[in-house]
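Notes follow once the structure below has been shown.
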Amino acid sequence: MREIKHIVLHCSATQPTATVESMIRYWRDVEHWKNPGYHFVVEANGNVRSLQPVEKPSNGVSGYNANSIHVCYIGGIDKDGKPADTRTTEQLATLKEIVVKLHRQYPSAAIKGHRDFSPDTNHNGKVDKWEWIKTCPCFDVTAWLKEENVF
């Protein structure tokens, strides 16, 4: 088993109506990836799809995949195509369940959003909003963990 240092939360950067199958086609046909982008994808109705065993890397965050588990909710784009937290009540509940389960299995792993891997270009010790390479997952993971009393 590989060493897990990060549990990373993502959005698919699609409308909430997108399908897992359309995401897989995109990775295969456009990106030409051999592995999926995420280990787990949470559909709008809260159903979870497992796309890759956690023992194998997926393509969630370039440079960090060897030691990360990636969890994605379908959505993250509003009706105008702009980044937005579109998580449904069902997705919120399922994301919480997955994070709790993974944290129990990998207690030393840091739980972060994709955007938290952006570089700290001004070297102030935190990644500011203007430094984000991506807005994914379109919510503040640390604040959400506190709000939901996940730990």
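Points worth noting:
- Failed item, numbered, when residue 12 is tested on (1) farther than 22 Å from residue 116 by Cβ; (2) in contact with a Phe, Trp or Tyr (Cβ under 8 Å, 6 or more places away or on another chain); (3) surrounded by 16 or more Cβ atoms within 10 Å (Cβ to Cβ): (1)
- Considering only residues in region 15-50 that are of a type in the set (A, V, I, L, M) and touching a Ser or Thr at 6+ places or on another chain (Cβ under 7 Å), the one that is farthest from residue 112 (Cα to Cα) turns out to be 18.
- Within region 124-151, residues that are within 24 Å of residue 102 (Cβ to Cβ) sit with their Cβ atoms under 7 Å from residues that are assigned to a helix (DSSP H, G or I) and of a type in the set (Lys, Arg), at 6+ positions apart or across chains, in these pairs: 132/115; 134/115; 135/115; 136/115; 148/96; 150/96.
- Whichever residue in region 66-124 is open to solvent by 60 Å² or more (accessible area, probe 1.4 Å) and under 12 Å from residue 138 (Cβ atoms) and, among such residues, is farthest from the chain's Cα centre (by Cα): 82
- Of the residues making up region 110-132, those that are within 27 Å of residue 45 (Cβ to Cβ), of a type outside the set (Val, Ile, Thr) and either at pLDDT below 90 or not in a helix (DSSP H, G or I) (or both) are 112, 113.
- Taken over region 12-59, the criterion of being among the charged types (D, E, K, R) and closer than 21 Å to residue 135 by Cα is satisfied by 31, 43.
The values are calculated or read from the model by the stated rules, or taken from the named source; none is laboratory data. Remember, it's a predicted structure, so these values are computed and weren't measured experimentally. Reconstructed Cβ throughout: ideal geometry from the backbone, glycine too, with neighbour counts over all protein chains shown. Heavy atoms of the whole protein, side chains included, go into the accessibility calculation; ligands, DNA and RNA do not. Shrake-Rupley method; radii C 1.70, N 1.55, O 1.52, S 1.80 Å.
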